[in-house]
Each structure stands twice: as C-alpha cells, then as structure tokens.
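In what follows, a structure is listed as structure tokens, so that the remarks can point back to it.
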Amino acid sequence: MTDSDVAGPRTRRDAPEATPATGFTVWLTGLPSAGKTTIATALAGLLRATGRRVQVLDGDEIRATGSPRLGFSRADRETHVRRVGYAAQRMAARGACVLVPVIAPYAGSRAAVRTRHEAEATPYVEVHVATPVEVCSRRDVKGLYTQQAAGELTGLTGVDAPYEPPESPDLRLDTRDSTVSGCAGRLYAHLMERELV
C-alpha cells in the first residue's frame with residue numbers, strides 16, 4: 001500500500017450536500033503498522049464524496065487528548081477500547097459514519113463494543129486488517145518495531161504483548177498484495193452489501 005492511493009482533500013465547493021442516512025461504526029483492528037488508519041482515511045474520502053458525515057476516531061489521538069493517563073496494561077487497553085467504543089456508538093447513533101482504526105488487541109473488549117452497538121440498534125462492522133507481523137515490522141510507520149528490537153520498548157502488540165485476532169470478523173483484509181484504494185473499495189462494497197451506503 002502506498003499513501004498515493006489515498007484521495008486528496010476535498011474542498012467545500014466540490015463536496016456534495018450531506019443527506020440524512022443511518023449512521024454506523026466500522027472498527028478496523030490489526031497490528032501496529034497494519035494499515036488501519038491509512039485504509040480508514042481512504043474510506044473516509046469515498047464516504048464524504050457521497051455526502052456522508054464522517055468521523056475518524058484515531059486511537060493514538062484519543063489517547064493523547066482524552067485518556068492521557070492510561071498506560072498499556074491489559075486493564076488500561078480495555079478501558080481505552082470501551083471509551084472509544086462508547087464515543088463511536090453515540091456518534092453513529094446520530095447519523096455519522098464512524099471509522100475507528102484502533103488495535104483493540106483483546107477479543108473480549110471488542111465483543112463488548114459490538115454488544116453495545118447491538119443493544120442500541122446501531123450498525124457495527126468489524127474489519128480485521130490481517131497484515132502479518134513481519135510485513136508490519138518492515139513498514140514500521142512509527143518506528144515501534146525498531147525500538148522494540150533495540151530493547152527500548154516493551155509491550156508491543158503482536159510481538160511481546162498479546163493480540164487476539166478476530167475469529168469471525170465481518171470483513172478480513174490482507175494488505176500484503178493490495179493497494180490502499182483496493183482495500184478501501186472492498187470495505188465500501190461491503191457497506192453497500194449491508195445497505196449502509
């Protein structure tokens with residue numbers, strides 16, 4: 001995947017008028033550097049082009065601004081996922097297309113997010129960005145794998161901290177031989193099949 005596959009910014013002049021529609025949450029789970037945020041950004045462009053209101057909830061940004069005291073213990077990671085899941089559901093319930101590129105390493109906390117959405121009758125799509133750890137480590141977008149290998153970082157998900165892959169996600173994307181636009185297109189097609197767009 002390359003960044004050049006991501007659509008450029010739209011201006012107010014060429015953006016179509018927003019139309020009322022059912023909101024939903026798309027949660028993209030996967031290892032660090034799997035491509036979650038890049039795919040979410042590309043999908044956001046496709047959705048905005050149809051006039052939909054889109055919110056991308058990036059895990060790192062939310063940690064820095066909304067939960068700065070949380071660490072990376074299992075309990076703190078699960079708290080982080082629950083908080084993001086709550087925010088996503090509330091936004092989606094108000095008609096937004098909420099895209100959540102957050103690792104969410106534990107199956108139990110991901111299930112809790114899905115259960116909350118189902119209880120509130122809010123559509124929810126779990127996407128496993130199933131990029132193998134060796135590919136993620138070569139990409140190493142934030143330098144985390146390099147730091148872990150040098151002994152400067154511990155608790156890296158999928159290396160020396162657990163990652164529980166989804167057994168039955170709504171969609172699984174293998175990014176090894178796929179472009180960003182191809183992955184976003186597959187995800188958009190899935191949303192069309194679910195009659196969410």
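If you go through the range 156-172, how many residues are under 18 Å from Cys136 (Cα atoms), open to solvent by 30 Å² or more (accessible area, probe 1.4 Å) and of a type in the set (Gly, Ala, Ser)?
Here is the first cut: in the range 156-172, the ones under 18 Å from Cys136 (Cα atoms) are 156-166, 172.
Next cut, open to solvent by 30 Å² or more (accessible area, probe 1.4 Å) only: 158-160, 162-165, 172.
This time we only want the ones that are of a type in the set (Gly, Ala, Ser), so: 158.
Final tally of qualifying residues: 1.
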Exercise. Return yes when Tyr124 is in contact with a His (Cβ under 7 Å, 6 or more places away or on another chain), open to solvent by less than 70 Å² (accessible area, probe 1.4 Å) and aromatic (Phe, Trp, Tyr) and no when it is not.
Key: yes
Condition set of a type outside the set (A, V, I, L, M) and touching a Lys or Arg at 6+ places or on another chain (Cβ under 6 Å), scope the range 26-47, selection least open to solvent (accessible area, probe 1.4 Å): answer is Gly30
Residues in the range 65-79 that are open to solvent by 40 Å² or more (accessible area, probe 1.4 Å) and within 17 Å of the chain's Cα centre (by Cα) total 1
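Scan the range 183-197 residue by residue and report those that are small (Gly, Ala, Ser) and more than 16 Å from the chain's Cα centre (by Cα).
The initial filter retains those residues of the range 183-197 that are small (Gly, Ala, Ser), namely 184-185, 189.
Residue satisfying the conditions is Ala189 alone.
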When Asp60 is run through (1) modelled with pLDDT under 90; (2) closer than 15 Å to Thr29 by Cβ; (3) in contact with a helix residue (DSSP H, G or I) (Cβ under 7 Å, 6 or more places away or on another chain), the failure sits at (3)
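Having 1 or more residues that are within 17 Å of the chain's Cα centre (by Cα) is the bar; report the helices (runs of 4 or more DSSP H) wholly within the range 91-175 that clear it.
Filter on the range 91-175 gives 107-119, 133-139.
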(Q) Residue under question is Ala96, and the condition is that it be open to solvent by less than 20 Å² (accessible area, probe 1.4 Å), aliphatic (A, V, I, L, M) and touching a Phe, Trp or Tyr at 6+ places or on another chain (Cβ under 8 Å); does it hold? (A) no
The correct count of residues that are of a type in the set (A, V, I, L, M), under 27 Å from Ala96 (Cα atoms), touching a residue at least 60 places away in the same chain (Cβ under 8 Å) and in contact with a Leu (Cβ under 9 Å, 6 or more places away or on another chain) in the range 143-197 is 5
If we keep only residues of the range 55-85 that are in contact (Cβ under 8 Å) with a residue 24 or more places away in the chain and assigned to a loop (DSSP other than H, G, I, E, B), then the residue farthest from Thr157 (Cα to Cα) is Leu57
Those residues of the range 175-197 that are more than 16 Å from Leu43 (Cα to Cα) and either of a type in the set (Val, Ile, Thr) or in contact with a helix residue (DSSP H, G or I) (Cβ under 9 Å, 6 or more places away or on another chain) (or both) come to a total of 1
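Quick check on Ala184: is it open to solvent by 60 Å² or more (accessible area, probe 1.4 Å), modelled with pLDDT of 95 or more and either basic (Lys, Arg) or out of contact with any His (no Cβ under 9 Å at 6 or more places or on another chain) (or both)? Show your work before the answer.
On the way: open to solvent by 60 Å² or more (accessible area, probe 1.4 Å): no; modelled with pLDDT of 95 or more: yes; either basic (Lys, Arg) or out of contact with any His (no Cβ under 9 Å at 6 or more places or on another chain) (or both): yes.
No, not satisfied.
The values are calculated or read from the model by the stated rules, or taken from the named source; none is laboratory data. None of the values given here were measured: they were computed from a predicted structure. For neighbour counting, all protein chains shown are included, and Cβ atoms are generated from backbone atoms with ideal geometry for every residue, glycine included. Just so you know, the surface numbers come from the protein's heavy atoms only, side chains and all, with ligands and any DNA or RNA stripped out. Shrake-Rupley method; radii C 1.70, N 1.55, O 1.52, S 1.80 Å.
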